[in-house]
Amino acid sequence: MIRTFTTGLALAALMGSGALAETIEVQMLNKGSDGARMVFEPAFVQAAPGDTIKFVAADKGHNAEVGKGMLPGGAEAFKGKINEEIEVTLTEEGVYGVICKPHFAMGMVMTIAVGDADVPEDFFAGRVPPKAKERFQEQLGNL
Ligand SMILES: [Cu+2]
């Protein structure tokens, strides 16, 4: 599949991905389709190694970054700026917890499982606000 990429990150993604790798879009929203406020949609993504996740700034004031320690060993953390649409290619299998920094306390988080992933024991080792933890646990229920 041929796609047009515009950012340097995406170019790196293209070079690092296999021929069948997919790009999966995740919207950053003030209000989800179920009415919930401050959400990533979808809130849970099952990806294959080499797939790219594109965070779309559908609404303003959000960012996407890996929560502290919420990534597989050997994987590289990513951190978008506010309103920045980033594309990240995930090659390491495992669970990635993604947060929106300004709305972390309001539970704006999502989970990406790459490949055959189990929840790491230390996933909640860092500081995770109650609402965020609640949503993470719901998302991790998909595994
Ligand atoms: Cu946000």
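The values are calculated or read from the model by the stated rules, or taken from the named source; none is laboratory data. This structure is a prediction, so every number in the text was calculated from the model and none was measured. Counting neighbours? That spans all protein chains shown, and the Cβs are built from the backbone with ideal geometry, glycine included. For accessibility, only protein heavy atoms count, side chains too; no ligands or nucleic acids. Shrake-Rupley method; radii C 1.70, N 1.55, O 1.52, S 1.80 Å.
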Taking the condition hydrophobic (A, V, I, L, M, F, W, C) and out of contact with any strand residue (DSSP E or B) (no Cβ under 9 Å at 6 or more places or on another chain), does residue 104 pass? yes
Of everything in the range 60-76, what is more than 15 Å from the ligand (Cβ to nearest atom) and crowded, with 22+ Cβ neighbours inside 10 Å? Give them in sequence order. 70, 71
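Provide a single number: the residues in the range 26-53 that are of a type outside the set (A, V, I, L, M, F, W, C) and buried (at least 20 other Cβ atoms within 10 Å of the Cβ).
Within the range 26-53, the first condition is being of a type outside the set (A, V, I, L, M, F, W, C), and the residues that meet it are 27, 30-35, 37, 41-42, 46, 49-52.
Right, trim to buried (at least 20 other Cβ atoms within 10 Å of the Cβ) and you get 51-52.
Of the residues in that region, 2 qualify.
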Residue, farthest from the ligand (Cβ to nearest atom), within the range 77-124, restricted to residues that are of a type in the set (A, V, I, L, M, F, W, C), open to solvent by 60 Å² or more (accessible area, probe 1.4 Å) and under 30 Å from residue 20 (Cβ atoms): 119
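How many of the residues making up the range 24-70 are assigned to a loop (DSSP other than H, G, I, E, B) and over 16 Å from residue 101 (Cα atoms)?
Of the residues in the range 24-70, 11 are assigned to a loop (DSSP other than H, G, I, E, B) and over 16 Å from residue 101 (Cα atoms).
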